[in-house]
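As structure tokens, the structure follows; a few thoughts come after it.
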Amino acid sequence: MSLAEQLRADSPIAVLEQFERQLKELLTRELKASPDGDRIRALASFQRDLGFLLKYKSYAVKAASPLGYSVFLQRPGEGFSFQQHVEHKTEIFYILDVLPGGYVFLCDFDAWREVYRRDTFRAWLEGSADPRYERFRFVPRPGDVIVIDRLNVVHTVVGCTLAEFATVSTDMVDRLYDQNQGLPVPSEFSRAFAEERIGRLRWPADSSLVTFGSAGWSRTRLPVEAVPGGYRTSFGGGDRFAASSSALDSGASSEVRSTSGRATSVHIASGSGQLILGTPHEIRKTTPPALAAHAGDLFLVAPGACYGFINDGAQPLVVAEHSIETAVAFV
């Protein structure tokens with residue numbers, strides 16, 4: 001069985017991650033190679049054909065890319081453990097859908113230590129009123145962006161469909177309260193289950209940054225940048241990686257971007273069209289090389305490549321992009 005077949009097989013997380021390490025070693029070598037056009041498109045096609053790496057948890061399917069971009073399909077009322085990062089890692093949660101009872105929990109670790117008692121916290125999770133915990137709970141809207149970019153922040157997301165843009169794909173958390181411990185993986189979780197849902201995601205048109213401070217929760221609408229053929233919204237990230245989404249009108253062509261020293265995960269969130277992809281010389285041709293792109297597809301664009309999009313479908317082409325230095329992605 002090939003590595004690609006092993007990565008697409010429904011396997012326990014521990015088994016899948018063994019093969020994922022082999023994939024990262026392979027990609028590390030490929031991404032350091034010269035940006036030849038055929039190699040660039042072969043790598044992107046390989047990732048498209050492979051698809052997301054599916055990790056089945058009791059509370060969600062985590063559909064992951066090798067570079068830190070993931071989509072979580074959570075079950076109603078279930079979600080991440082209450083956790084904090086023990087090593088520096090930036091995570092950007094982009095809420096796509098909120099199921100009944102869905103929420104975000106966010107507080108500083110000092111506040112957590114002050115109020116947390118296991119029995120009362122369990123009772124609150126089971127529905128008992130408790131203002132000590134309730135003040136850290138927030139009901140998000142589709143399009144909300146939550147950024148975790150420092151240590152000692154206790155956080156979770158429960159009962160949502162969300163995209164995660166992270167500096168690394170590995171688990172680097174201290175689980176302070178794990179309501180999922182010992183629970184089985186639902187029998188309905190499978191590649192067919194995940195791909196069907198990923199292929200029909202609804203991507204919000206407007207986005208807002210959500211923060212929590214001394215005055216409570218606040219929501220600030222993120223600016224929308226007009227770009228050729230549509231618009232683009234940046235979710236942030238910092239100096240070493242960037243997260244964004246863009247929408248391209250039917251019949252339009254996007255600007256061409258260079259990946260420079262970064263690798264980029266490109267997720268076709270909805271719509272269909274073409275991914276223009278190649279070397280700077282190839283992109284300048286009258287008919288540049290392209291790959292077919294459909295809702296649910298995931299591409300990996302190598303450093304040094306140039307890429308853009310053509311929307312030859314009837315609906316807007318919506319794309320999520322996660323650009324990251326390979327030295328950060330493959331730690």
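The values are calculated or read from the model by the stated rules, or taken from the named source; none is laboratory data. Just so we're clear, the structure is a prediction, and the values are computed from it rather than from any experiment. As a convention, Cβ positions derive from the backbone with ideal geometry for all residues, glycine included, and neighbour counts pool all protein chains shown. When the accessible area is computed, the model is the full protein with side chains, heavy atoms only, and any ligands, DNA or RNA have been set aside. Shrake-Rupley method; radii C 1.70, N 1.55, O 1.52, S 1.80 Å.
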From the phi of every residue in the stretch 209-221, what ³J(HN,Hα) in whole Hz does the Karplus formula 6.51 cos²θ - 1.76 cosθ + 1.60 yield, where θ is phi - 60° and glycine or proline is x? 7, 10, 10, 10, x, 4, 8, x, 7, 9, 10, 10, 5
How much space per residue, in cubic angstrom, does the convex hull of the C-alpha atoms of the stretch 1-116 take up? 153
Under 8 Å for C-alpha pairs, at least 6 residues apart: give me the relative contact order for the chain, rounded to a whole percent. 21
Here, ASP178 and HIS294, labelled 7 Å along Cα→Cβ, have an inter-label distance in nm of 3.9
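Keeping all protein chains in place, calculate the accessible area per residue for the stretch 12-74 (probe 1.4 angstrom), answer in Å².
Values: 2410 Å² over 63 residues.
Value returned for the stretch 12-74: 38 Å² of accessible area per residue.
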Give the lysines reachable from LYS89 as a straight Cα distance under 27 Å; neighbours fewer than 8 places away on the same chain don't count. LYS24, LYS32, LYS55, LYS57, LYS62
The stretch 218-272 pair-distance distribution - Cα-Cα, 5 Å bins, rounded %: 4, 14, 23, 28, 19, 9, 3, 0
State the Cα centre-to-centre distance between the stretch 291-316 and the stretch 8-74 in whole Å. 17
Compute a Gaussian network model of the chain, connecting alpha carbons closer than 10 Å, and tell me which residue from SER270, SER253, SER207 fluctuates the most. SER253
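Could you tell me what a quarter of the Cα convex hull surface of the stretch 285-331 works out to, in nm² with one decimal place?
Working: hull surface 17.9 nm².
About 4.5 nm², averaged over all directions.
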For the chain, compute Rg over Rh where Rg is the Cα radius of gyration and Rh is the Kirkwood radius from the inverse mean 1/r over Cα pairs. 0.97
Can you give the net charge of the other residues whose Cβ lies under 14 Å from the Cβ of GLY229, counting K and R as +1 and D and E as -1? -2
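Once the Cβ-Cβ distance between SER2 and ARG197 is put in as r, and R0 is 25 Å, what FRET efficiency do you end up with, to the nearest 0.05? Intermediate values should be presented prior to the final figure.
Details: r = 26 Å, r/R0 = 1.05.
E(calc), rounded to 0.05, equals 0.45.
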Compute the angle between helix 13-32 and the longest alpha-carbon principal axis of the chain, please, reported from 0 to 90 degrees and rounded to the nearest 10. 40
Label zone at PHE46, where the point sits 7 Å out along the Cα-to-Cβ direction: the stretch 57-72 residues whose backbone N lies under 13 Å: 66
